[in-house]
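The structure under discussion appears below in the form of structure tokens.
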Amino acid sequence: MFESLPGTIQTLISDHFMNASRKPGADTVGEALNAKGFQMIQDLTRELAGDFAFPTCFEAAFRLRQALQNPDLPISRISNIVGGEPLVATKLMQLANSSLYRAHHAPALDLKAAISRLGVDVVRTTALAIAMRQFIRSKEILVFNDLALALWEHSLKTAAGARILARNQTRINQDEALLAGLVHDLGAFYLLNRAARYSKLRASPESVKHLIAQWHESIGVTLLSALGMPGEIVDATMDHDQPWLVPETVLTLPDIVYIGNILAGTHVEWLHQAFDPDGGGFEVVRQIFAGILPEIESDAQEMQLVFA
């Protein structure tokens, strides 16, 4: 299950925490905190290698995704399925009548009209977005509320940026790009949920940031694969916080997620690498795509309202 982590997982974990213990910074290190982080990652390794469970909201979202896999389902049938999830149905109506999708259309007055306007891809993505929003509202993550909300805002901005880049720069399905941007940091949310189980980590948010920086990409890939997310979406989330060579032309879904992530404000400051987030490749990307930043901000704010 952990094929996305190179080498032997136990060796990587041991090396990481031994190296961390030699670095300055009282909150991130210290024998007790390193031991607790080591224990959490070991526990996660066992959990992800077997049967693991997401919260109920995720289970409902993925049941809905599975029910809507058939591309030939009539709108009436889709409406009946979605109608069984009242929160999703309500948010779809709100989304269809938002500035993101309404354009010059008349208001969508019922669920069928909303689904017709949005399309099935957006219906599936909306269900997942709602599940993620409920996830960060859970009492388990409440102790990391500020960090969770910052990650949520970042995810929405990345999703907005990915959708705009796909629409303006490529022929890639913009709703697929939005989905990839939305879930690219799923591993970080999952780590927050699990870190809340450990008292020393609850009292040490900087240590949790350190763990997220080191592990969220690989854990996110593992989670998305296990949950049956399309392979192209999974691949697009790999190494999104690592410094790449700047793509001269936006061609692929990984390009879109990488650039959208930068434009949303990366978490590179957590990576403890000799890499300047305000210079080099990241700053070049921001300069090249500066023109769409206001549109990203506007779309992300609209999404915040819809998924509040």
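Evaluating residue 226 against the criteria (1) open to solvent by less than 10 Å² (accessible area, probe 1.4 Å); (2) under 18 Å from residue 46 (Cβ atoms) leaves one unmet condition, (1). Find all pairs meeting these conditions: Cβ atoms under 6 angstrom apart; at least six residues apart or on different chains; first residue within segment 100-120 and in contact (Cβ under 8 Å) with a residue 40 or more places away in the chain; second residue assigned to a helix (DSSP H, G or I) and open to solvent by 30 Å² or more (accessible area, probe 1.4 Å). Within 6 Å, the pairs are 100/302; 115/75; 116/75.
For segment 138-159, enumerate the residues that are open to solvent by 50 Å² or more (accessible area, probe 1.4 Å) and under 12 Å from residue 297 (Cα atoms).
Step one: filter segment 138-159 for residues open to solvent by 50 Å² or more (accessible area, probe 1.4 Å), giving 139-140, 142-143, 145-146, 149-150, 153.
Selection gives 153 alone.
Criterion first (touching a residue at least 40 places away in the same chain (Cβ under 8 Å), open to solvent by less than 20 Å² (accessible area, probe 1.4 Å), within 21 Å of residue 240 (Cα to Cα) and in contact with a Ser or Thr (Cβ under 9 Å, 6 or more places away or on another chain)) does residue 166 satisfy it?
Values: touching a residue at least 40 places away in the same chain (Cβ under 8 Å): yes; open to solvent by less than 20 Å² (accessible area, probe 1.4 Å): yes; within 21 Å of residue 240 (Cα to Cα): yes; in contact with a Ser or Thr (Cβ under 9 Å, 6 or more places away or on another chain): no.
So residue 166 does not fit the description; no.
Here the condition is being at pLDDT 90 or above, open to solvent by 20 Å² or more (accessible area, probe 1.4 Å) and not β-branched (Val, Ile, Thr); of 202, 171, 197, it holds for 171 alone.
The values are calculated or read from the model by the stated rules, or taken from the named source; none is laboratory data. Note that this is a predicted model, so its numbers are computed, not measured. Every residue, glycine among them, receives a Cβ derived from its backbone with ideal geometry; neighbour counts consider all protein chains shown. Keep in mind that these areas ignore ligands, DNA and RNA; they rest on the heavy atoms of the full protein, side chains included. Shrake-Rupley method; radii C 1.70, N 1.55, O 1.52, S 1.80 Å.
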